[in-house]
Amino acid sequence: MMKVNKWTLGLAAVGLVSIPVTMQAEEKMSQLQTALSSTTISGYVDTSAQWQVGKGTTPPAYAFNDKNKQDGFNLNVVNLTIEKPLDAQDQWAAGYKVETIYGPNAQLWNAGIVNKSTASDSQSDFGIKQAYVALRAPVGNGIDFKIGTFDSIVGYEVFNAGSNPNYSRSWGYTIEPTEHTGLLASYQVCKEFGIAAGVANTVSSGINSRSFLMGQGLDGATRSETDKTYMGGITLTAPESMGFLAGSTLYGAIVSGFNSGFFGSGSRDHTINYYAGLTLNTPLKGLKAGFAYDHLGNETGVGANPPTVTGFTPAQVGAAINKLNINAASAYLSYQATEKLSFHGRCEYYWSDLNELRIVANGAFTGSSANMLAVTGTIQYDLWANVLSRVEVRWDHQLDGRDGVPAAFNSDDKNALMVAANIIYKF
């Protein structure tokens, strides 16, 4: 009888594969072993301790900064990923990726842009972050496809905190889409130039979501079943001939389509995200710089029939809802001092039009977050094998002082100071 390797036994134990009752058909078992030989299992456990200095009850509303995480110890998320990547030597390569998440951050992952920093008791501690089939077609240098649910193509930072230079997320990340269900194609024209394009159901998160199932828009018109989201991006990489700049990358991307994340399914139901990011090598060994810009605007609003709000004309209501103009600019600096010790800094500016901050709620206009300045400093020292350990200090300051704009956090204070420790085990 053929011996079953430990890898196959492990997959069988969690129900990912089945083992034949008889092992006499060695050819079939060989096919199974070949299929599993390039499959990998990885993941991490993300924990933190976080303190919001002062007596404020409302922390800044950047992504995953839930108030229940303040002043205590936290399990943020557990990640488990099973993947068969595309074989670089196979012109007709096929593979897949299934990335699952568990814990409080899984609640916030698919909550939509507005609610991304507020947990809901009705949401599950389990989430599918990505699940797609990967394919390659031998056209030119090879076109790679993802079909299923995949991460958004915009952004300097990502969901997996251990892949970011800082523990806390930026304001730019907070206004970006997170994931899409659709088809994404990427093509490397040459070593220095790559492109990507895709179509998905929606801009807002939600596996298998549909724009035409969200009800009517505020203009009274229903959305067509052909209403889809479109995206595209380009990557430029500095060649070896550029000296110390070699390997630096410039990236730009656009995502445009239906977004249910803004004040219900009716208003501003089509948004557009513009993103530009730069990672820059420097003459100083170990020192890298980064820059990112995010813009979020709306393409359609309430149309000719805005809702009735006491004390405001239809024109005023329409103008307030139609105008969506949010921006975030960030600068990053990272220095790898030793093999284990590194320093990371981030400075960011978040600004938006005042009308964007006034939404219709309970028959009146209410305020929301305002223009922000944020500075973050992080020290990382990886003492244990496979463990990322860091401490971070972050200061957020509300710059907008106009009448009628309330303080965004800490009761009536315009400053918020957070101190955090982050421990992540990767496997």
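At-a-glance table
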| quantity | calculated |
| --- | --- |
| Alpha-carbon centroids, region 128-205 and region 373-396: separation in whole Å | 26 Å |
| Exceeding the 22 Å Cα-Cα cut-off - candidates K97/K288; K67/K426; K67/K414 | K97/K288; K67/K426 |
| Contour minus Cα-Cα distance for S42 and V189 (0.36 nm per residue) | 49.9 nm |
| Rough spin-label spacing in nm, given labels placed 7 Å along Cα→Cβ, for K426 and T282 | 2.3 nm |
| Relative frequency of Cα-Cα separations exceeding 15 Å in region 140-233, percent | 68 percent |
| Integer Hz, Karplus 6.51/-1.76/1.60 couplings in order for region 230-237, x for Gly and Pro | 10, 8, x, x, 10, 10, 10, 10 |
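Read-outs: derived from the displayed coordinates by stated rules, not from any lab. Every value quoted in this text rests on a predicted model; they were computed, and no experiment measured them. Cβ coordinates were reconstructed from backbone atoms using ideal geometry, including for glycine residues, and neighbour counts include every protein chain displayed.
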